[in-house]
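The values are calculated or read from the model by the stated rules, or taken from the named source; none is laboratory data. Note that this is a predicted model, so its numbers are computed, not measured. Reconstructed Cβ throughout: ideal geometry from the backbone, glycine too, with neighbour counts over all protein chains shown.
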């Protein structure tokens with residue numbers, strides 16, 4: 001996926017600073033993280049301070065952006081503009097070859 005001035009990765013973000021890298025609203029991301037934590041470790045009370053949540057969001061969004069960019073290269077190689085499930089599945093297999101753990 002191209003990352004130009006009007007691409008989804010840049011159009012909704014503030015213009016300067018680290019926050020410009022965030023696309024997902026912070027409150028929505030925090031709610032998702034808290035829900036996932038409850039599902040994974042319901043027997044524990046796990047909370048995140050603001051800086052930890054921000055670092056987690058930056059890391060997660062960067063990883064997603066890289067994953068989509070790599071998957072879009074596969075779609076482009078197949079002469080498509082639309083990312084399809086097979087692109088994501090092939091990307092998952094490529095990641096496994098290089099030793100990355102994926103779902």
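Below is a table of values for the structure above.
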quantity	calculated
Scope the stretch 18-47; condition farther than 15 Å from residue 62 by Cα and either modelled with pLDDT under 65 or outside any helix (DSSP H, G or I) (or both); matching residues	41, 42, 43, 44, 45, 46, 47
Any chance residue 92 is outside any helix (DSSP H, G or I), without any contact (Cβ under 8 Å) to a residue 12 or more places away in the chain and surrounded by 11 or more Cβ atoms within 10 Å (Cβ to Cβ)	no
Filter result (without any contact (Cβ under 8 Å) to a residue 12 or more places away in the chain, within 22 Å of residue 30 (Cα to Cα) and either in contact with a helix residue (DSSP H, G or I) (Cβ under 7 Å, 6 or more places away or on another chain) or in a loop (DSSP other than H, G, I, E, B) (or both)) within the stretch 48-82	49
Breaking point among (1) in contact with a helix residue (DSSP H, G or I) (Cβ under 7 Å, 6 or more places away or on another chain); (2) at pLDDT 90 or above, for residue 13	(2)
The stretch 26-40 residues that are free of Cβ contacts under 8 Å to residues at least 60 places away in the same chain, paired with ones that are surrounded by 14 or more Cβ atoms within 10 Å (Cβ to Cβ) and in a helix (DSSP H, G or I) (beta carbon under 7 Å, 6 or more apart)	26/57; 29/57; 30/53; 33/53; 33/56
